[in-house]
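Engineer: Have a look at the structure that comes next, please.
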Amino acid sequence: MSMPVHKNRWFLVALLLGCALLLTQNVASAAEEDAKPIRENWAHMVIKGSYPEGPQMPGLFGDVTESLSKAISRLEKAAEDKSLTGVVLHFKGTEIGWAKLNELRQAIKKVRKSDKKVFAWIESGMTKDYLLASACDQIVMPESASLILLGLRAEVSFYKNLFDILDIKPDILRVGKYKSAAEPYTRTEMSDAFREEMEAILDNYFGQITEMISESRGLSAEKVEAAINGGPYMAAEAKKLGLIDHIAYEDQLPGLLTGDNKKNDVKLIKKYAKKRADTDFSGIAGLIKLMDLLAGIDSSQRIGSGPRIAVIYATGAIMSGSSAQGGLMGGNVLGSDTFIKAVEKAADDDQVKAIVVRVDSPGGSALASDLMWRALEEAGKPLVVSMGDVAASGGYYISMGAERIFAEPGTLTGSIGVVGGKLAIEGLYKKIGITTSVISRGSNSGTFSPLNGFTESERVAVTGMLNAIYKQFTEKAATGRKMDYDKLEALARGRVYTGEMALKLGLVDQLGTLDEAIDHARKLGKIKDDEKFEKLILPRPTSPFEQLFGSADSETQQSHQISRMLDSLAPGLADQLKRLDLINLLAREKSLTIMPFEIRVQ
């Protein structure tokens, strides 16, 4: 039966009214939804300190100072975190070298590549702080802040006049035209060769600084150089020059992050991805946990049965014996015994498919360096080296047999040369009333006596020994680099290069980060792209007991005590006295492959 026409009309009208009402409600609901503030989550990380490399103490003790690997892991987590809009990096003063600078810059760039914004907030920026901040999308400073961007300056102190006053006679021999380690003790100013070397390094570093800022800030190299020559600046002037983007206090950051979109609500996640220290030591389980921590045991770490890449950290001045912290030159001691045990552990582990050695060392003992090199040669696993801030002299020695060497652009490397000698202190003894009687047998019995300089016979013998060590060093380097000996030797002679310079000369194979070196080792170890693998970090971290009291070795304990005493002095004076530690090295090791200087950029 058909419905009457007028009833059809009313039905259609009702249907249209219902649709209109529903549409109105949907529009109103959408309007209300648009009116609601959008929550933006921003990770907040503080960037400060030295970011040490290598194994750290577990748990509570290891969390006191953030390591480089932990800082990079937090940035990588932010890059992958889909709940984040971006990252705010709060710079509070860094004390890092050129390699760590590059590692952190690359990690910041990874966050930006994940379609997240990265803002830098700088309280007061020195050169390294600013170079890190320039890798971010935007740079913000408060109006009272200053940008200390001044360029580079090398200051080398010489002690010959002091030794003359004290009647001390330095008698130090070297092999290599540029091996300038002895110059501060034997001269009153730089030699021409030393100056030439330093000029080349500073030119390269200055070029790297200019290039980083120019590329990151969209400024010409000429404008960047002019800005450096005109520094330092307060925030307002830095903004005019295009060096920073905004002037604002930290509490004003949320408005900048949202672009002053008042509909959006910003939440800063403080200490993003920073593991909280477990301080619950109650009960029997807590006591066991505390004892494990004091012994340097991390019970939370579990090793699986899958493939592994061993990452062995070679950090500090190279010496015979065990590794220690706070030793020579106020830094770490890389002991050959400790390093060799770590290599053997990796070599004996069937799950370890390749070895990566992260080198951050200026060198040291020639003997210890050679023993460490031999251990790597005999490991029987694919070997890749990743050079950190410094991999020079002995640090280059242990690297040269690798199948591939990665360096950072600012790594200091090379310094293939040898130095040996002593200080003759008989004149000082006489001044302070000490006399010495000597009975000897053998023409060269006084070679390493601290009383007198070398006799002609002793000088010939020691020079021959140093030349033999140099020949050994350069021959092994030429073999490792697959380079003609004469070509390698011409690049040696104690000269130091940056990573960029070394790449052009064939002393390293590639510029890249530690992660890139590990990925290359994965390929050499035939671990498939989609196959998971673990990193076996070696050697084990120093336990809290060893950190506090040093090792049982009396020389290491003495070195700890001297370092602590020096650190209590004014920084400038402490640095000057620590430079004299070469004398301590020469007293313990008769021949050194050590980098002749240290470069710090403030």
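Engineer: What's the number of the only condition in (1) part of a helix (DSSP H, G or I); (2) over 30 Å from Lys345 (Cα atoms); (3) under 22 Å from the mean Cα position of the chain (by Cα) that Thr463 fails to meet?
Structural biologist: Of (1) part of a helix (DSSP H, G or I); (2) over 30 Å from Lys345 (Cα atoms); (3) under 22 Å from the mean Cα position of the chain (by Cα), only one is false for Thr463: (3).
Engineer: Something else about it: Quick check on this structure: which one of Gly499, Gly433, Gly420, Gly494 is more than 27 Å from Asp203 (Cα to Cα) and open to solvent by less than 50 Å² (accessible area, probe 1.4 Å)?
Structural biologist: After ruling out the rest, the residue left standing is Gly420.
Engineer: Among the candidates Leu131, Leu162, Leu149, single out the residue that is open to solvent by less than 20 Å² (accessible area, probe 1.4 Å) and part of a helix (DSSP H, G or I). Even if it seems obvious, please write down each step before you answer.
Structural biologist: Details: Leu162 fails: open to solvent by less than 20 Å² (accessible area, probe 1.4 Å); Leu149 fails: part of a helix (DSSP H, G or I).
Being open to solvent by less than 20 Å² (accessible area, probe 1.4 Å) and part of a helix (DSSP H, G or I) holds for just one of Leu131, Leu162, Leu149, which is Leu131.
Engineer: Among the residues of segment 387-417, write down those that are open to solvent by 10 Å² or more (accessible area, probe 1.4 Å) and assigned to a loop (DSSP other than H, G, I, E, B).
Structural biologist: Gly401, Glu403, Pro409
Engineer: Kindly indicate whether Ile432 is out of contact with any strand residue (DSSP E or B) (no Cβ under 7 Å at 6 or more places or on another chain) and over 30 Å from Trp373 (Cα atoms).
Structural biologist: Values: out of contact with any strand residue (DSSP E or B) (no Cβ under 7 Å at 6 or more places or on another chain): yes; over 30 Å from Trp373 (Cα atoms): yes.
For Ile432, the condition - out of contact with any strand residue (DSSP E or B) (no Cβ under 7 Å at 6 or more places or on another chain) and over 30 Å from Trp373 (Cα atoms) - is met.
Engineer: Now a separate question. Restricting to segment 102-127, and then to whatever is within 20 Å of the chain's Cα centre (by Cα) and of a type in the set (D, E, K, R), can you tell me which residue is nearest to Glu143 (Cα to Cα)?
Structural biologist: By that ranking, first place goes to Arg105.
Engineer: Further, regarding this structure: Return only the number of the condition from (1) crowded, with 24+ Cβ neighbours inside 10 Å; (2) farther than 30 Å from Leu241 by Cα that Pro170 does not satisfy.
Structural biologist: Evaluating Pro170 over (1) crowded, with 24+ Cβ neighbours inside 10 Å; (2) farther than 30 Å from Leu241 by Cα leaves (1) as the failure.
Engineer: Is it fair to say Ile527 is in a loop (DSSP other than H, G, I, E, B) and open to solvent by less than 60 Å² (accessible area, probe 1.4 Å)? Full working, then the answer.
Structural biologist: Working: in a loop (DSSP other than H, G, I, E, B): yes; open to solvent by less than 60 Å² (accessible area, probe 1.4 Å): yes.
When the stated conditions are applied, Ile527 passes them.
Engineer: Quick check on segment 23-43: of everything there that is touching a helix residue (DSSP H, G or I) at 6+ places or on another chain (Cβ under 9 Å) and modelled with pLDDT of 90 or more, which residue is surrounded by the fewest Cβ atoms within 10 Å (Cβ to Cβ)? First the steps, then the outcome.
Structural biologist: Taking segment 23-43 first, the residues touching a helix residue (DSSP H, G or I) at 6+ places or on another chain (Cβ under 9 Å) are 40, 42-43.
With the extra rule that they be modelled with pLDDT of 90 or more, the set shrinks to 42-43.
Values: Trp42: 23, Ala43: 26.
Per the criteria, the residue is Trp42.
Engineer: Go through segment 237-268 and report how many residues are of a type in the set (A, V, I, L, M, F, W, C), outside any loop (DSSP other than H, G, I, E, B) and farther than 17 Å from Lys117 by Cα. Steps first, answer last, please.
Structural biologist: Here is the first cut: in segment 237-268, the residues of a type in the set (A, V, I, L, M, F, W, C) are 238, 241, 243-244, 247-248, 253, 256-257, 266, 268.
Next, only the ones that are outside any loop (DSSP other than H, G, I, E, B) stay: 238, 247, 253, 256-257, 266, 268.
Restricting the remaining residues to those that are farther than 17 Å from Lys117 by Cα gives 238, 247.
The number of residues fulfilling the criteria is 2.
The values are calculated or read from the model by the stated rules, or taken from the named source; none is laboratory data. This one's a predicted model, so the numbers in the text were calculated from it and none came from an experiment. Quick reminder, even Gly has a Cβ in these numbers, built from the backbone with ideal geometry, and neighbours come from all protein chains shown. These accessible areas exclude ligands, DNA and RNA; they are computed on the full protein's heavy atoms, side chains included. Shrake-Rupley method; radii C 1.70, N 1.55, O 1.52, S 1.80 Å.
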